[in-house]
1. Mind listing whichever residues of the stretch 97-126 are within 16 Å of the chain's Cα centre (by Cα) and polar (S, T, N, Q)?
2. Looking at the stretch 26-35, which of the residues that are part of a strand (DSSP E or B) and not small (G, A, S) is nearest to D13 (Cα to Cα)?
3. Could you please find all residues in the stretch 83-99 being touching a strand residue (DSSP E or B) at 6+ places or on another chain (Cβ under 6 Å) and under 16 Å from Q55 (Cα atoms)?
4. Would you check which residues across the stretch 95-107 are hydrophobic (A, V, I, L, M, F, W, C) and part of a loop (DSSP other than H, G, I, E, B) and list them?
5. Is it the case that some residue within the stretch 46-58 is more than 12 Å from the chain's Cα centre (by Cα) and of a type in the set (K, R)?
6. Determine which member of the set L27, L110, L54 is of a type outside the set (D, E, K, R) and surrounded by fewer than 16 Cβ atoms within 10 Å (Cβ to Cβ).
7. Suppose we filter the stretch 85-94 for residues that are surrounded by 12 or more Cβ atoms within 10 Å (Cβ to Cβ) and either in a strand (DSSP E or B) or under 15 Å from the mean Cα position of the chain (by Cα) (or both); how many remain?
8. If you check D38, D80, D69, which single one turns out to be among the charged types (D, E, K, R), free of Cβ contacts under 8 Å to residues at least 24 places away in the same chain and surrounded by fewer than 20 Cβ atoms within 10 Å (Cβ to Cβ)?
Amino acid sequence: MANADITFIPDPDPDSISSDVTGFGNLLVSTQIPTRADGSLELGGIVEQSECTLQALKTALERAGSSMDRVLHLTIYLTDMADRPAFNEVYQRFFSQPWPVRAAVGVAALAVEGMRVEVTAMAAKA
C-alpha cells in the first residue's frame, strides 16, 4: 500500500501481519493484545491480560510519538462481559479524566484461545 499521507509503523513481531500503529495526519490508530514486554502472550486472568494489553498500547503510542493522555477513543473487546469491572479497575490506572470516548464489546472469541481482551485505540499525535 503506497499512500504518502499514511504512515504504517510495523509490529515489532517479525511474524505479525498487522502494523503496530497507523498514522494519518495527526491521528494514530493501534490495536493491541495482551503481549508482555518480551513479546510473549499473557493468557492468565483478566487483570494480568488487561495490564499487558494497556501497557502494550502505551508502548506502541509512545513509539509513534503520542501517549495515553492523547487517546481519543478506545474499543475494548472482551470474551466475557463479566470481566468488564476488572478491566475498568486496570483501565483507571492507565487513563484519567477527561476520559477517552470508549465502547466495550462482548465477543465470542479472540484470535488466540485463552485471550480475553483486545483493544483498538485512536489517538492524536503529540
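1. The answer is T120, and nothing else.
2. By that ranking, first place goes to T35.
3. Across the stretch 83-99, there are no qualifying residues.
4. Passing the criteria: F95, W99, V107.
5. Keep residues of the stretch 46-58 that are more than 12 Å from the chain's Cα centre (by Cα), which gives 46-48.
After this cut, where a residue has to be of a type in the set (K, R) as well, the list is none.
No, because not a single residue in the stretch 46-58 is more than 12 Å from the chain's Cα centre (by Cα) and of a type in the set (K, R).
6. It is L27.
7. 5
8. Checking each option against the conditions leaves just D38.
Here, each number is a calculation from the coordinates, and none is a lab measurement. All of these numbers come straight from a predicted model, not from anything done at the bench. Methodologically, a virtual Cβ is constructed for each residue, glycine included, from the backbone with ideal geometry; neighbour enumeration extends over all protein chains shown.
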